[in-house]
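The values are calculated or read from the model by the stated rules, or taken from the named source; none is laboratory data. This structure is a prediction, so every number in the text was calculated from the model and none was measured. Virtual Cβ from ideal backbone geometry, glycine too; neighbours counted across all protein chains shown. The accessibility values were calculated without ligands, DNA or RNA, using every heavy atom of the protein model including side chains. Shrake-Rupley method; radii C 1.70, N 1.55, O 1.52, S 1.80 Å.
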Amino acid sequence: MGKIIVLPETTQNPISLIGMRAGVCWGADITDAAKNYKRGLECIENNHGRTLEYVNVELVIDGYSARVIREWYTHLGGSPTRLQASTRYINYKNFEYITPHKIENNEEAKKIFDETMKIITENAQKLEEMGIPREDSAMLLPLGMGTKIVDKRNLRNLIDMSRQRQCTRAYWEYRELFSDICKALSSISEEWAYIVKTQFMPKCEYLGYCPEKYTCGRKPKKA
Ligand SMILES: Cc1cc2nc3c(=O)[nH]c(=O)nc-3n(C[C@H](O)[C@H](O)[C@H](O)COP(=O)(O)OP(=O)(O)OC[C@H]3O[C@@H](n4cnc5c(N)ncnc54)[C@H](O)[C@@H]3O)c2cc1C
């Protein structure tokens, strides 16, 4: 089970911040908290995407697979940045790994899966004992191994990510990871809870139709 830590550098009141930044450009009174909030809400509702880029999100994303983090890294818009746990300096003896639900619930499949992970651990250890450097033995590590990243991006990027990754056809672990992020952000302030509820959604919900070639059927295809 993965864990999301929302770092204190994450904007606490994103709607108010958006309203303050936009207010500077509109010559508004940005000392009025209620007006800032109202202006921020309007920016979001009117799709003024640039204003969303002032909202900072810094997370520790821990205990998800290297595979899902590989997909996470494809969201490049707005130049996000991140650090990832090293495979050179960390000892991956008995590394943690993510077991898919369909394998977890199938005794025979789970046995094969766990045995494979055990063999990888043992053989990586044998290579290290032979004097092979860890950066080389780490080539054996599977995409299913657990990893940890420190991630920094803006709200616009996260909203865009929700449209792709809350899609029913997106990889199940990504959907679970995104749902964990929604819970973690919603818990830090009411403004975040509002944003998660109204802005994070799969693209079919936003568009009113499904643009994917292979649809899940949740929304009709575009006529
Ligand atoms: C069902 C499904 C299947 C998928 N299958 C695959 C797969 O097989 N392989 C795979 O690699 N990915 C796959 N993806 C992921 C997807 O194709 C994208 O790679 C991923 O969502 C990140 O790209 P993005 O454009 O959505 O986000 P970002 O890179 O964050 O971009 C967000 C937006 O910013 C703008 N932007 C970003 N970069 C630029 C730029 N250089 N120039 C101009 N504008 C820019 C664009 O408007 C873009 O829409 C899949 C997704 C789904 C939902």
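Among the helices (runs of 4 or more DSSP H) contained in the range 73-171, which hold 1 or more residues that are surrounded by 15 or more Cβ atoms within 10 Å (Cβ to Cβ) and away from the ligand (no atom under 16 Å from the Cβ)?
Those helices (runs of 4 or more DSSP H) span 101-104, 107-129, 134-137.
Scan the range 185-199 for residues that are of a type outside the set (D, E, K, R) and either under 23 Å from Gly49 (Cα atoms) or not assigned by TED's automatic domain parsing to the domain that holds Val55 (or both) and jot them down.
Step one: list which residues in the range 185-199 are of a type outside the set (D, E, K, R), which gives 185-189, 192-196, 198-199.
Within the range 185-199, Leu185, Ser186, Ile188, Ser189, Trp192, Ala193, Tyr194, Ile195, Val196, Thr198, Gln199 meet the criteria.
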Report task. Within the range 176-214, count every residue that is over 20 Å from Glu9 (Cα atoms) and open to solvent by 20 Å² or more (accessible area, probe 1.4 Å). Result -> 16
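Tell me the residue from Ile30, Ile5, Ile69, Ile15 that is closer than 29 Å to Ile149 by Cα, more than 16 Å from the ligand (Cβ to nearest atom) and buried (at least 17 other Cβ atoms within 10 Å of the Cβ), please.
Details: Ile30 fails: closer than 29 Å to Ile149 by Cα; Ile5 fails: buried (at least 17 other Cβ atoms within 10 Å of the Cβ); Ile69 fails: more than 16 Å from the ligand (Cβ to nearest atom).
Checking each option against the conditions leaves just Ile15.
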Requested in this report: Could you please tell me which pairs satisfy a Cβ distance under 8 Å, a separation of 6+ or placement on different chains, a first residue in the range 182-204 that is under 12 Å from Leu155 (Cα atoms) and within 16 Å of the ligand (Cβ to nearest atom), and a second residue that is modelled with pLDDT of 95 or more and not in a helix (DSSP H, G or I)?
Outcome: Phe200/Gln166
Report task. Identify all residues within the range 1-20 that are in contact with a helix residue (DSSP H, G or I) (Cβ under 6 Å, 6 or more places away or on another chain) and either under 14 Å from Gly49 (Cα atoms) or in a helix (DSSP H, G or I) (or both); write none if there are none. Result -> Pro14, Ile15, Ser16, Ile18, Gly19, Met20
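Name the single residue, out of those in the range 112-151 being charged (D, E, K, R), over 29 Å from the mean Cα position of the chain (by Cα) and over 16 Å from Thr87 (Cβ atoms), that is modelled with the highest pLDDT.
Pass one, the range 112-151, residues charged (D, E, K, R): 114-115, 118, 122, 126, 128-129, 134-136, 148, 151.
Going one step further and asking which of them are over 29 Å from the mean Cα position of the chain (by Cα), we end up with 115, 122, 126, 128-129.
Still in the running and over 16 Å from Thr87 (Cβ atoms): 115, 122, 126, 129.
Values: Glu115: 98, Glu122: 94, Lys126: 95, Glu129: 94.
Of everything passing the filter in the range 112-151, Glu115 is modelled with the highest pLDDT.
Does Thr51 fit the bill of being open to solvent by less than 30 Å² (accessible area, probe 1.4 Å), within 24 Å of Lys152 (Cβ to Cβ) and away from the ligand (no atom under 16 Å from the Cβ)? Before the answer, list the steps.
Working: open to solvent by less than 30 Å² (accessible area, probe 1.4 Å): yes; within 24 Å of Lys152 (Cβ to Cβ): yes; away from the ligand (no atom under 16 Å from the Cβ): no.
When the stated conditions are applied, Thr51 does not pass them.
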